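Encoded as structure tokens, the structure appears first; notes follow it.
Throughout, read-outs are computed from the coordinates displayed, never taken from laboratory work. As the structure is a computational prediction, the values presented were derived from the model and not from experiment. Positions of Cβ are generated from backbone atoms using ideal geometry, with glycine treated the same way; all protein chains shown enter the neighbour counts.
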Amino acid sequence: MTTTTLPIDESRLARIALVGPPNCGKTTLFNTLTGSRQKTGNYPGVTVERKSGRLRTPVGHTVELLDLPGSYSLRARSPDEAITRDVVLGRQAQEALPDVVVCVTDATNLGQHLRLLLELRQLDRPLILALNMMDIAEKRGCQISIDALSRQLGIPVVTTVAMRKHGVQDLLNQIDRLLQQRPGADGATAMDAWEEPSPDAIRAYHREVERVLQEAVIQEGAPERLTRQIDSVLLHPVAGPLILLSLLFLMFQAVFSWAEAPMDAIDAVMVGLQQWLSAHMADSLLKSLIVDGVIAGVGGVIIFLPQILILFLFILLLEDSGYMTRAAFLMDRLMSGVGLNGRAFIPLLSSFACAIPGIMAARTIAHPLDRLTTILIAPLMTCSARLPVYVLVIAAFVPNTTVWGGIGLQGLIMFDLYATGIIGALTVAGVLRLTVLRGARQPLLMELPSYKWPNPTNVLLGLLERARIFMRRIGTIILWVMIILWCLATFPSAPEGATEPAINYSFAGMIGHTLAPLLAPIGFNWQIAIALVPGLAAREVAVAALGMVYALSGDEEAVTEALSVALAQDWTLATALALLAWYVFAPQCLATLAATRRETNSWRWPVFMFIYLIVLAYIAAFITYRVTLALGGG
């Protein structure tokens, strides 16, 4: 494979689809083939992620490679699997029919994965079987006759080790060979005539898999001893949940401790930029917009990028190592108590990073009621957008001390907030399954992949993609919200002889003072009320909004030094804790509601989500505020 960048001729762009079951290494192979030359988006009309990348084959074909969602069969039972089926059949809107289909399978689990390939073979399309993870299969003593397997299946078979780029050249050579051919009318007819396999057809597929294995597999490999030994500990009914809890606790501690140095560096850069602009620009509305609006707003959010990347790092490592599926298995007993199964745990854990991919990940849940319940409770998992608010308030009101065992008190409070979100999500799920979403609990059926070292390339690409998404969010939604907020906080200007801060006379001040009586029972002041309104667009905007409001309220010196100082002087402990309780539950993210609308294809459920979350947030903040006052925290 060559990495030379050449002009792309769209008229002859070949399309290759990577298809395969989950945990077969398909995405690792995709990353190996495309590297950084890939892009992520959504399929038209749905929120299923579309990953594509471009490369040139050895003979010079320009290829667009599609990484389709994992699927065990074309007999789709989830939205993800339906997209894979429709793309392969040429039924997906605005998606051309793939020229070649590469079916990626795990060589250590060939018996379970060959059924998908047999279904694909019925379509009479150019097809290649990529036997991935051959190094692991050989270590287990598995011997497969590639020639016999190719002969029995009637298609080319290549062996790959995607993590080490082994077999990639052979795969590209086979793609080149098949691209010289063009499917005839028979292939098109076979796709047009495709029907979902009947139970008899499925049994026939399984018989065919057994026959092929008897001819091609010389020696079956023994299950990996190390995997069994690790599972004996990590899946232990007592030790397993404790280890999972410890990993989550470590993740939240790392969010504080590991990110301190890069956050200080970003803060120094933003403050230096503000000071330089303040010294070199004449006082004007433009200066105020740039310094107090754009720089302060964007800087107040971008400083939390290290913490968000640390959170994503842990999630990517858990996914790539094979532990995430074990975590779902461990959580099955707990999830069963609220009418779900362990499969819902993976979307919910993904929601720690952002509720939107968590909601999208619920597409892998086959049962509609389980999928809808998971979508409705995903926003209760503490997403990374809440981190800026949590960090700001905790830093202002919780001392940076250690408790027993060297555990940081701030990290412990952060863990408590995450735990509260989890308990709230499970409680809501239980209520939903007993009322509006009543139905029988579905059993957990999941394949446990082999353990493997996380692929550094996969992890790095994942972090870069999340950083790009975060920066794009800053450059679009957050930037425009801050500019609008600055306008609201600046106009109209204070009248002649005004004795109060100018913001009190602005549109933002009017909004804040109008909302203040409604929020007074939960301890919120008018500054918080102003911050909550733009926070509807993106939760993390609230931090930048508070910084702007307090600066324009006359506390600019304290805000420049540290916003937490201003908050500690102006808020009571009861107000601070009430705001944290509010943010555990509040639905302050319009993008999450929009994703729910797209996933459920209805406004009914996002409206229901918004109302129940607002009610929960107000009740939680009210109870927290009143109890703290009663205990002397006023």
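The convex hull drawn around the Cα atoms of the range 10-223, when projected onto a plane and averaged over every direction, covers 11.7 nm².
Sorting 494-503, 572-581 by their mean Cβ neighbour count within 10 Å, with the most densely packed peptide first, gives 572-581, 494-503.
Could you tell me which residue out of I423, I155, L590 lies farthest along the dipole of the chain toward its positive end? Charges go on the beta carbon: Lys and Arg +1, Asp and Glu -1, centred on the Cα centre. The residue sitting farthest along the positive end of the dipole is I155. Rounded to the nearest 20, the size of the Cβ-charge dipole of the chain about its Cα centre is 1360 debye, with Lys and Arg at +1 and Asp and Glu at -1. Mean residue ellipticity, 222 nm, helices only, the chain: the sum of -39500 (n - 2.57) across DSSP H runs of n ≥ 4, divided by residue count and rounded to 500, is -17500 deg cm²/dmol.
Local charge sum around A440 (other residues, Cβ-Cβ under 13 Å, Lys/Arg +1, Asp/Glu -1)? Charge balance in the 13 Å sphere: +2. Relative contact order for the chain: 11 percent, from Cα pairs under 8 Å spaced at least 6 residues apart, divided by residue count. Taken about its Cα centre, the range 10-223 carries a charge dipole of about 540 debye when Lys and Arg each add +1 at the Cβ and Asp and Glu each add -1 at the Cβ.
Arranged from fewest to most other beta-carbon atoms within 10 Å of their beta carbon, W276, W404 become W404, W276. Exposure proxy shown here: for L277, L313, L286, the number of other Cβ atoms within 10 Å sets the order, fewest to most, as L286, L277, L313. Relative to the longest principal axis of the Cα atoms of the chain, helix 507-519 runs at roughly 90 degrees.
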